[in-house]
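Notes follow the structure.
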Amino acid sequence: MGSVETDGDIRVRVLELISEYDESTPGGASSEPFGSMQAAWLIHVLQERWDVEVDLTDSVFERLQTVDGVVDVLREYGVGSRA
């Protein structure tokens, strides 16, 4: 069994994923909202990479439009830890 990723680890991985999608996305923009197409792509990738099935309500979709929100949602789905 592997080690548990921290919020910081997850944040770095999410920023890497976002930069794969759009190289113009600033790396430190953890509270800047993504575009809706970028957010939809990210949700798909999150479900594949972390093997989570996100219950995509309007409020969850809204939260998944920032890096901070993605980290929070993944934590709620049991990915990572605050350490």
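Each reported figure results from applying straightforward, stated rules to the coordinates on display, with no laboratory input. For clarity, every value in this text was computed on a predicted model and none was experimentally measured. Backbone-built Cβ (ideal geometry, glycine too); neighbour counts: all protein chains shown.
For this structure, a couple of remarks:
- Derived scalar couplings ³J(HN,Hα) [region 35-48; Karplus, 6.51 cos²θ - 1.76 cosθ + 1.60; whole Hz; x for Gly, Pro]: x, 5, 5, 5, 5, 5, 4, 4, 4, 4, 5, 4, 5, 6
- THR6 long-range amide H proximity, modeled H, under 5 Å: SER81
- Sorting the segments 37-46, 63-72 by their residues' average number of neighbouring beta-carbon atoms within 10 angstrom, most packed first, yields 63-72, 37-46.
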